1. Residue 280 - would you say it is open to solvent by 40 Å² or more (accessible area, probe 1.4 Å), under 18 Å from the mean Cα position of the chain (by Cα) and on the phi < 0 side of the Ramachandran plot?
2. Could you tell me how many of the residues in region 45-70 are away from the ligand (no atom under 14 Å from the Cβ) and surrounded by 15 or more Cβ atoms within 10 Å (Cβ to Cβ)?
3. Look at residue 234 and say whether it is modelled with pLDDT of 95 or more and either open to solvent by 40 Å² or more (accessible area, probe 1.4 Å) or not in a strand (DSSP E or B) (or both).
4. Which numbered condition trips up residue 23, out of (1) within 18 Å of residue 188 (Cα to Cα); (2) at pLDDT 95 or above?
5. State the number of residues belonging to region 176-206 that are surrounded by 15 or more Cβ atoms within 10 Å (Cβ to Cβ) and assigned to a strand (DSSP E or B).
6. Please give the number of the condition residue 219 fails out of (1) within 18 Å of the chain's Cα centre (by Cα); (2) not in a loop (DSSP other than H, G, I, E, B).
7. Since residue 228 meets every condition but one in (1) over 30 Å from residue 69 (Cβ atoms); (2) without any contact (Cβ under 8 Å) to a residue 40 or more places away in the chain, which condition does it not meet?
Amino acid sequence: MKKVIVLGGNGQLAQCIRHVDTKELDIVFFGSKEVNILEESHLKEVFEETLPDVVINCAAYTAVDVAEDEPLRAAAVNAQAPELIAHLCEKHDAIWIHISTDFVFDGNTPAPRTESDFPNPINTYGKTKLLGEEIIRRTWFKHVIIRTSWLYSEFGSNFLKTMLRLGLEREELGIIYDQIGTPTYAIDLAEALVEIATLDPPAFGVYHYSNEGTASWFDFAHSIFSLTGSKVLLKPMLTSQYPTKARRPSYSVMDKSKIKEAFNLTIPHWRDSLERCIKRI
Ligand SMILES: NC(=O)c1ccc[n+]([C@@H]2O[C@H](COP(=O)([O-])OP(=O)(O)OC[C@H]3O[C@@H](n4cnc5c(N)ncnc54)[C@H](OP(=O)(O)O)[C@@H]3O)[C@@H](O)[C@H]2O)c1
């Protein structure tokens, strides 16, 4: 049985891993209080005690707007900590599965991005996540970096849960329609991560995983309210009408051919996954 450790064990994605069938894996979860990934001594202790075959890093600095004011904190968690983990994975010959983001792209090209496309992040969060990828790539070759997008689920804070709350509080909501991406049910990603951790990866490197299909935030919200029968009035808004501290890519759909082929995955369409998630909430 493969021994797997999950870092950032209480975040949204890690909670999803806790709730899927983990098959043949012996998984141990470590929340930020048990293991702070900035503390080398914590990490060393965990590696020495558990002797992992696979490490899944769900820990990250994910406050996209706040990162603009805290670039050093974001870089510490998203780039410097991965360097510590990479060295320990190398020492223990463990495969490292790391989660990255569609925000490594600038979103200026309206075509699905492949893993070989040139990244060019336009906000601090994306820059620190890309730096983390680069550090992992040059430190330990047994890595699988998975870029994902627009995660939501029944756990943690996310767009779906915010919409469900606002739908009860408001009669009218303005939602952005000129940012296009793919909503991803974090349970689907968690199932894919279990599959990847179970197999011996045919190739190490970067992969893209999101649900199938494309949507704007407006489409996503519209589907949420149609599925829940909400009467809230949705108004389409431009990004320029809703200024945020961090810029977002206007088009961040990713091509998933590589991961589907490498791990023989079937990826659900985002609308089907959204329906499944809402039924569970
Ligand atoms: N959410 C999205 O839409 C999205 C989109 C693309 C990519 N991603 C990537 O997907 C991954 C999972 O995201 P998520 O939605 O599960 O994020 P999340 O819910 O914010 O979880 C991140 C976790 O990291 C932990 N963490 C932060 N600093 C830490 C530290 N120094 N040591 C240990 N743990 C620490 C946090 O713990 P505390 O809460 O205790 O601080 C939190 O539990 C991340 O790599 C993220 O960049 C997410």
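1. So residue 280 fails the test.
2. Result for region 45-70: 6.
3. Numbers: modelled with pLDDT of 95 or more: yes; either open to solvent by 40 Å² or more (accessible area, probe 1.4 Å) or not in a strand (DSSP E or B) (or both): no.
No, not satisfied.
4. With (1) within 18 Å of residue 188 (Cα to Cα); (2) at pLDDT 95 or above applied to residue 23, the lone miss is (2).
5. Selection size over region 176-206: 6.
6. (1)
7. Tallying (1) over 30 Å from residue 69 (Cβ atoms); (2) without any contact (Cβ under 8 Å) to a residue 40 or more places away in the chain, residue 228 fails exactly one: (2).
Results for (1) within 7 Å of the ligand (Cβ to nearest atom); (2) under 18 Å from residue 156 (Cβ atoms); (3) open to solvent by 60 Å² or more (accessible area, probe 1.4 Å); (4) of a type in the set (S, T, N, Q), shown as yes or no for each residue.
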| position | (1), (2), (3), (4) |
| --- | --- |
| 3 | no, no, no, no |
| 7 | yes, yes, no, no |
| 13 | yes, yes, no, no |
| 17 | no, yes, no, no |
| 20 | no, yes, no, no |
| 28 | no, no, no, no |
| 39 | no, no, yes, no |
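The values are calculated or read from the model by the stated rules, or taken from the named source; none is laboratory data. Since the structure is predicted, the reported quantities are computational estimates derived from the model, not experimental observations. Positions of Cβ are backbone-derived with ideal geometry, glycine not excepted, and every protein chain shown enters the neighbour counts. Just so you know, the surface numbers come from the protein's heavy atoms only, side chains and all, with ligands and any DNA or RNA stripped out. Shrake-Rupley method; radii C 1.70, N 1.55, O 1.52, S 1.80 Å.
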